Amino acid sequence: DVKVTQSSRYLVKRTGEKVFLECVQDMDHENMFWYRQDPGLGLRLIYFSYDVKMKEKGDIPEGYSVSREKKERFSLILESASTNQTSMYLCASSLPRNNEQFFGPGTRLTVL
Amino acid sequence: GENVEQHPSTLSVQEGDSAVIKCTYSDSASNYFPWYKQELGKGPQLIIDIRSNVGEKKDQRIAVTLNKTAKHFSLHITETQPEDSAVYFCAASKGGGYQKVTFGTGTKLQVIP
């Protein structure tokens with residue numbers, strides 16, 4: 001079974017803090033993704049990566065950065081957390097070209 | 001870019017009835033349309049997908065139809081059961097090596113026993 005794990009299920013941070021969300025997949029997938037999920041807005045793509053050290057902006061990259069130093073690990077970084085970044089963050093991985101995306105359980109981040 | 005609209009946002013059905021969720025997309029180059037189910041406390045999971053070279057696909061109680069001319073696709077669940085209660089997302093993709101997928105806003109389905 002493909003497994004995508006995220007470092008925390010729940011996280012509470014203060015405004016201005018630097019926040020790291022970690023994602024690890026165990027299926028040697030090339031593609032990895034970070035989404036945020038908000039009520040009524042569905043899943044919105046923040047960043048994705050199609051190879052080690054490669055990244056592409058998604059639809060809402062502002063305020064976020066990513067790092068992919070190893071194939072199995074994709075990190076989302078909030079340089080200076082703000083209250084409007086309070087959300088559920090989902091990581092996913094997949095093989096290239098229209099294949100199933102496998103999601104982690106999500107991290108619910110609250111920024112106070 | 002691609003825009004995917006999904007309706008309804010909430011849907012309640014009696015156990016045993018059918019449920020239909022509809023989506024439209026804007027980019028005629030999209031050619032892959034997956035559907036994901038998200039149960040409470042979990043990440044979304046693929047339940048069925050369809051590619052643009054077919055008009056319908058069925059897997060037991062779940063079916064998806066695609067109308068490329070009208071740029072819309074639908075999920076049909078027959079003989080609904082309480083375990084079908086979840087949030088369902090449609091999505092569209094143009095494919096290619098980087099597989100960017102655009103998701104709809106989700107439908108919360110409640111199956112009433």
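Values for this structure:
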| item | result |
| --- | --- |
| Pairwise FRET efficiency - A:Lys18 versus B:Lys42, Cβ, R0 = 35 Å, nearest 0.05 | 0.80 |
| Alpha-carbon spread of the protein assembly as shown, three principal axes, descending order, Å | 49, 38, 32 |
| Residue-level accessible surface for A:Arg14, protein heavy atoms, 1.4 Å, Å² | 150 Å² |
| The protein assembly as shown: antiparallel DSSP beta bridges as a percent of all, rounded to 5 | 90 percent |
| Efficiency of FRET between A:Asp38 and A:Arg9 - r from beta-carbon atoms, R0 22 angstrom, step 0.05 | 0.80 |
| Unit charges on C-beta of K, R, D, E only; dipole of the protein assembly as shown, Debye | 460 debye |
| Accessible heavy-atom area order of B:Thr69, B:Thr102, A:Thr107, highest first, probe of 1.4 Å | B:Thr69, B:Thr102, A:Thr107 |
| Solvent-accessible area of B:Ser26 with every protein chain in place, 1.4 Å probe, in Å² to the nearest 10 | 60 Å² |
| For chain A: span of alpha carbons on each principal axis (Å, largest first) | 37, 27, 24 |
| Translational diffusion coefficient (Stokes-Einstein; Kirkwood radius from C-alpha pairs) of chain B at 20 °C, 1.002 mPa s, in µm²/s | 152 µm²/s |
| Accessible area of A:Glu69 in the full protein assembly, 1.4 Å probe (Å², nearest 10) | 120 Å² |
| Chain B - percent relative contact order, Cα under 8 Å, separation 6 or more | 37 percent |
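The values are calculated or read from the model by the stated rules, or taken from the named source; none is laboratory data. Please read all numbers here as calculations on a predicted model, not as lab measurements. Cβ: placed from backbone, ideal geometry, glycine included. Neighbour counts: every protein chain shown. These accessible areas exclude ligands, DNA and RNA; they are computed on the full protein's heavy atoms, side chains included. Shrake-Rupley method; radii C 1.70, N 1.55, O 1.52, S 1.80 Å.
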